[in-house]
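Q: Here's a structure for you.
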Amino acid sequence: MIGTASAIGQMKEDANMALYEHVFLARQDLAQAQVDALAEAATKIVEDGKGKVVKTETWGLRSLAYRIAKNRKAHYVMLQIDAPAGVVAELERQTAINEDVIRYMTIRFDELEQGPSAMMRRGERNERDGRRDGRGDRGDRGDRGDRGDRPRREDREFA
């Protein structure tokens, strides 16, 4: 009977677990080792709360769309988490206190994506195509023609 009760308790505990993706942006002036330490600290918070980090991805130093706290770039890190809501609340609380983190977002999912995330696949595609950024080569804009109909600067008369 005791074995049955513990199995039921285990099932009940698993029912309270939820799947999350937690992405945070760390300051641009941090070294990669410091960013990894932030990810490890987040993992420790989750594991201390009886949750587990399913996957950790470091997306690297990327440009921001706009400046945040005088930063034009940030280190992006994504954690896939399987944990109760209380653990995620504690993770967000600790992340908000940390001065090295300039933004964070946690989203709940019904199921986590298997394999590399879209950000990692994008990087692999760019490496395969020989591109350094995701914008493609400059040949995709079309031909500009010879532009012979415009007078050159030295040919213009100034009044």
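Any read-out appearing in this document is the output of simple, stated calculations on the displayed coordinates, not a laboratory observation. A quick note: this is a predicted structure, and the numbers were derived from the prediction, not measured. Heads up, the Cβs are rebuilt from the backbone with ideal geometry, glycines too, and the neighbour counts pull from every protein chain shown.
Q: Is at least one residue of region 52-60 of a type in the set (Lys, Arg) and over 24 Å from residue 122 (Cβ atoms)?
A: Yes, region 52-60 contains at least one residue that is of a type in the set (Lys, Arg) and over 24 Å from residue 122 (Cβ atoms).
Q: How many of the residues making up region 56-81 are within 14 Å of residue 30 (Cα to Cα), among the aliphatic types (A, V, I, L, M) and buried (at least 16 other Cβ atoms within 10 Å of the Cβ)?
A: Result for region 56-81: 2.
Q: Does region 84-91 include one or more residues that are of a type in the set (Gly, Ala, Ser), in contact with a helix residue (DSSP H, G or I) (Cβ under 7 Å, 6 or more places away or on another chain) and surrounded by 11 or more Cβ atoms within 10 Å (Cβ to Cβ)?
A: no
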